[in-house]
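A.B. asks: My questions will all concern the structure given below.
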Amino acid sequence: MSYTYDDQNIFAKILRGEIPNKTVIDSEHTLAFEDISPQAPVHVLVIPKGPYVTYDHFAAEATADEIVDFHRVVARVCETFDVRSDTGKGCRFISNAGEHGVQEVPHYHLHIMGGRWLGRMLEKED
């Protein structure tokens with residue numbers, strides 16, 4: 001596989017400190033921050049600090065330390081916002097990839113959304 005990373009995307013600029021954000025968690029390999037246009041009461045983006053375009057790119061090429069750190073940050077976000085599935089009412093995790101997935105920013109990111117009923121994710125196309 002060959003992925004082309006655009007280091008001028010908005011998340012790369014956030015990671016470089018060129019654009020401010022509302023940081024939730026900043027770890028060695030991962031940044032979690034509040035979405036600027038939230039679609040639910042809880043809407044946090046989690047991004048790796050490495051130059052990964054999509055989830056499959058991250059899964060294929062990230063180091064074990066990056067992968068573990070990323071997933072531990074996801075768990076901490078769920079704990080912080082009380083959207084864990086074992087103690088709260090749960091949440092939705094979304095990662096869009098590529099054209100058909102309607103990915104808007106070419107840097108892997110995971111949306112964590114919760115705090116209310118979110119409805120069905122997709123409807124069957126006729």
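The values are calculated or read from the model by the stated rules, or taken from the named source; none is laboratory data. None of the values given here were measured: they were computed from a predicted structure. When we count neighbours, we look across all protein chains shown, and the Cβ atoms used for this are built from the backbone with ideal geometry, even at glycine.
A.B. asks: So which residues in the range 1-49 are surrounded by fewer than 17 Cβ atoms within 10 Å (Cβ to Cβ) and of a type in the set (Lys, Arg), if there are any at all?
C.D. replies: Hits for the range 1-49 are 13, 16, 22.
A.B. asks: Also, I was wondering about something else. Just checking, which of 74, 102 is modelled with pLDDT under 95 and either of a type in the set (A, V, I, L, M, F, W, C) or at positive phi (or both)?
C.D. replies: None of the others qualify; the one that does is 102.
A.B. asks: What number of residues within the range 38-67 satisfy the criterion of being among the basic types (Lys, Arg) and assigned to a helix (DSSP H, G or I)?
C.D. replies: Residues in the range 38-67 being among the basic types (Lys, Arg) and assigned to a helix (DSSP H, G or I): 0 in total.
A.B. asks: Scan (1) without any contact (Cβ under 8 Å) to a residue 60 or more places away in the chain; (2) farther than 23 Å from residue 3 by Cβ; (3) in contact with a helix residue (DSSP H, G or I) (Cβ under 7 Å, 6 or more places away or on another chain) for the single condition residue 22 breaks and write down its number.
C.D. replies: That leaves (3) as the condition not met.
A.B. asks: Which members of the range 32-59 meet the condition of being of a type in the set (Val, Ile, Thr) and touching a His at 6+ places or on another chain (Cβ under 6 Å)?
C.D. replies: Within the range 32-59, 47 is the sole residue that qualifies.
A.B. asks: Looking only at the range 68-124, which residues are assigned to a helix (DSSP H, G or I), touching a residue at least 24 places away in the same chain (Cβ under 8 Å) and within 14 Å of the chain's Cα centre (by Cα)?
C.D. replies: Selection gives 69, 70, 72, 73, 74, 76, 77, 78.
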